[in-house]
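A short write-up of the structure that comes next.
Rule-based calculations on the coordinates, nothing more; no lab input. The shown structure was predicted, so the numbers you read here are calculated from the model rather than taken from an experiment. Don't worry about glycine lacking a Cβ; one is built from the backbone with ideal geometry, like all the others, and counts go over all protein chains shown.
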Amino acid sequence: MLQTLDWLVIALYFMVIFGLAWWVIKQRQDTSDDYFLAGRHLGWFVVGASIFASNIGSEHLVGLAGSGATDGVAMAHYELHAWCLLVLGWVMVPFYMRSKVFTMPEFLEKRFSPAARTVLSAISLVAYVLTKIAVGIFAGGIVFSVLMPDIEFLGMDSFWIGSILVIVFTGLYTILGGLRAVAYTEALQTVILILGSFLVTYYGLQALGGWSELRVIAGSEMFNLWKPLVPAGVEGTWAPVREAGRMAWYFNDNYPWVGMLFCAPIIGLWYWCTDQYIVQRVLGAPNEREARRGSIAAAFLKLTPVFIFIIPGMICFALAKSGRMDAITAVLFDANGELMRDKAQSAFPLLVAHVLPVGVRGIVVAGLLAALMSSLAGVFNASSTLFTMDFYARLKPQASQHQLVWVGRVATTVMVLAGLLWIPIIQGGKGLYDYLQGVQAYLGPPIFVVFFFGVFNKRLNAKGCLATLIVGFAMGLFRLGVDTPVKLIDGFAYDPGSFLWIVNNIFFQYYSLLIFLVCAAVMIGVSYATAPPSYDHISGLTYGTLSDDHRAESRSSWSKEDLLGSAAVLALILAAYLYFTG
C-alpha cells in the first residue's frame, strides 16, 4: 500500500522529529524543574499545540473516526467541549500558577493534605494504565495492521510490531528529553497532524462525490447531534429510554441526552482542568498570561477533530455503504450488508490506504504517527512526573536532581509494560472510544469534585477530600471489576436481572453521574461534620481566600485580545451545534 515516495516522506518526518528532539535535548539541564516542566519556559503557542497534540492521539485517530462511521456526529459533543479549556485558562490557571506546583496531586496537598496527594497520584497512575497508555499502544497496532498487514517478525503480526515500534520511537526522546522535548516535538506534530488529516477529508470527499453526496448517503440522522441522544418515544421527557413500554435505566447502544447534558461536562472539566496529562503543559509556562493564552489556543485547535476525524469516519462509512470502494466495503460490512461495529475503528487508516494518492499518503501516515507518538509521549512524561515527584521525592527527600530525573525515566518504562499487559482487555471491548469514555467516566467524578468544590468553597476540608477520593475511586473500580470479565472472557455474561447484570448494563454516563452525586454528598457532608481548615494555610488557593494582591495580579495578566479570543471559541461552538441538527 505504501510506495517508495510515501516511505521517503515518512523517513523525512522521523528525521525532522528526531533532529528537533536532539536539539532540544542538547539544551536540557539535568534538573527536575527542567526535565518535568521544561524549566517553566514554554511560550503560549507551544503550550496550546502541546495540549492539543497530547489530547489528539490514538482514541481520535482510531476510536473517534470509528465512532463517526457507526454513530455519525454523536460523539462530537465531546469535541465541542473545547469551552472546558477556557475554564482551565480563566478559572483554574491562576490557582495553579500561584501555587508553583509540579503536579496536580501536589496542588491537592497544598489545598487539603498529603494523604489526598497520595491517593490522587495513585488514582492517576492507575487511570493512565487503564486508558491512555494501553489505548495508545493498541491504536498504534491498529494503524500498522491496516497499512502494513503482511509484516511478520519473530512470530508477531503487524499489530504487535506496530505497537512496539510506536513505544520504542516515542520512548527514546521522551526518556532523554523530558517535557521540553515532548512539548516542542508536539508543536511540530500538531502542524503535521492537522495538515494530514485535512488531506484525508479532502480526498475522501473527492472520492465520494462531495459534501452533498455524503449527506445523502449517510442520512440526516448521522448529521444530527441531537437525534442519537433522544430515543424514539421519550421526546420531551426525562426518561433516558423506553423499552417494551417501561422505563429502563440500562442499555448500551444509545447516547442519551440526559447523560450528555449532565455527565459529559463533568468528565470534560475533570480531563481538561485537573488531569496531570493536560495541565502539565500549562505548568510549564513562565507566567499566568502565557498559560492562559496557551489554553485559549488549545481551545481553537480542539474544534478541528469534528472535521478531521469524525467526518472522515462518516466518509469511510458512506464509501462502504455506496459500494464505491469494494475494499472498504469488504472490511466494514458483513455478507448481509450490515455494518460490523468492531471493524469501524479501522475507518481512518482504511481511508489512508485506499483513497489517498502516492506521496500524500506518506504525509498522512506521518500525521498518524505524529498523533500516536505525541499522545504517548505526553502520558509517559506525566506518569514519570507523578511517580517521581509524588512518591519517590517524598520518600527520599534528600535525593539529588540527577536521581529524580533517573527515577522518572525508569518509571516511564514500568508504565509502558503495565499498559502492554492491559491490551487484551481493550481488544474485547465494543470500540476504542467507548472503552476510553467509559473508564474516564468511572474515575473522573471524584477528582472533579475535590478540585472544583475545593476551589469554590473554602469551608471544605482535608477529611472530606480524602473520603471523597476513596469512596469515588472504590465505586469506579467496582464497575470496572464488573465490566472486565464481560470484555475479557468470550461468552461470559451475568444472569439477566441479577445485581451484577444491572450494574454491567447501566449506561456508563448514568453510573458516572451516580458516582458524582455520591462524591458531592460525601465531600460536603464529611467537611461540614468536621472542623474547618486553616484559612491562612490555604490563602490564595480558593476564591474565598484570595487577597487584593492576588486579584490584582491575576487581572493584570489578561487583555482585551484574550477576551475576544475566548468569545470566538464560544461562537464557533454555537455555530457547530446549530449546523449539526440533522
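Just a few scattered comments:
- At full extension, residue 401 and residue 563 could sit 54.3 nm farther apart than now, given 0.36 nm per residue minus the alpha carbon distance.
- Here the gap between residue 326 and residue 152, fully extended at 0.36 nm per residue and compared with their Cα-Cα distance, gives a gain of 60.1 nm.
- Once both labels are positioned 7 Å from their Cα atoms along Cα-to-Cβ, the gap between residue 41 and residue 213 label points is 5.2 nm.
- Flagged links, alpha-carbon separation over 22 Å, of 321/343; 396/458; 132/302; 110/463; 100/458: 396/458
- Hz values of 3J(HN,Hα) by residue in segment 197-211 - Karplus curve (6.51, -1.76, 1.60), Gly and Pro given as x: 5, 5, 5, 4, 4, 4, 6, x, 5, 4, 5, 7, x, x, 5
- Note on residue 410 and residue 535: the model spin-label points, each 7 Å out from Cα along the C-beta direction, lie 4.6 nm apart.
- Extension reserve of the residue 549-residue 495 stretch, reckoned as 0.36 nm per residue once the Cα distance is removed: 13.3 nm
- Inter-site label distance for residue 478 and residue 457 at 7 Å from Cα along Cβ, in nm: 2.2 nm
- Calculated FRET efficiency for the pair residue 574/residue 91, C-beta based, R₀ 22 Å, to 0.05: 0.60
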